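The values are calculated or read from the model by the stated rules, or taken from the named source; none is laboratory data. Predicted model, so just to flag it, every value in this text is computed and none were measured. With ideal geometry, Cβ positions are generated from the backbone for all residues, glycine too; neighbour counts draw on all protein chains shown. Ligands, DNA and RNA are excluded from the accessible area calculation, which covers all protein heavy atoms including side chains. Shrake-Rupley method; radii C 1.70, N 1.55, O 1.52, S 1.80 Å.
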Amino acid sequence: VHQDHTLAQQAVSRFHAQLNREQFTRICDEASDDLGTRVKRNDILHLLRVVRTHLGQLDSTRQINWTVNYGLHDRRVTLVYRSQFDAGTATEQFVYRIRNDAARLVSYTIHSRLLALGDKANPAYAI
């Protein structure tokens, strides 16, 4: 459990570093095939650009929850962070598939009032 959690934490750090450097295609390239079959690549890239544009650089994060789920062929680690960006705060949820000692992004969800469109008070966007 500890090793899976550590691998996922390292993957979140890499995701945030790539987000700050606007390396959106690298995030997509390193994600699990599961993500690419559920969501179009252009939609993933668009969400990442919107997050970076509206929230700015990531300043700090604090993990507030995590779980590990065991499957027949892999494990899924879910990590939830309270993150401080230039423009304000957001809650992020990452789900990583752990297989062969590698963590691959399966889904990403972000909640922030700074991403509000229309009348949504606390919108969530997910890939």
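For the reader, a short list of remarks on this structure follows.
- Every residue from segment 51-67 that is buried (at least 16 other Cβ atoms within 10 Å of the Cβ), part of a strand (DSSP E or B) and either in contact (Cβ under 8 Å) with a residue 60 or more places away in the chain or not polar (S, T, N, Q) (or both): LEU58, TRP66
- Residues in segment 20-50 that are loosely packed, with under 12 Cβ neighbours inside 10 Å and assigned to a helix (DSSP H, G or I): ASP29, ASP33, THR37, ASN42, ASP43.
- Filtering segment 4-19 to residues that are out of contact with any Asp or Glu (no Cβ under 8 Å at 6 or more places or on another chain) and open to solvent by 50 Å² or more (accessible area, probe 1.4 Å) leaves GLN9, GLN10, SER13.
- Number of positions in segment 97-116 that are part of a strand (DSSP E or B), in contact with a His (Cβ under 9 Å, 6 or more places away or on another chain) and open to solvent by less than 20 Å² (accessible area, probe 1.4 Å): 0
- When residues of segment 87-96 are limited to those that are open to solvent by 30 Å² or more (accessible area, probe 1.4 Å) and part of a strand (DSSP E or B), the one nearest to VAL12 (Cα to Cα): GLN93
- Of residues in segment 70-86 being at pLDDT 95 or above and of a type in the set (A, V, I, L, M), the one most open to solvent (accessible area, probe 1.4 Å): VAL80
- Scan of segment 68-84 for residues that are in contact with a Phe, Trp or Tyr (Cβ under 7 Å, 6 or more places away or on another chain) and in contact (Cβ under 8 Å) with a residue 60 or more places away in the chain, ordered by number: VAL77, LEU79
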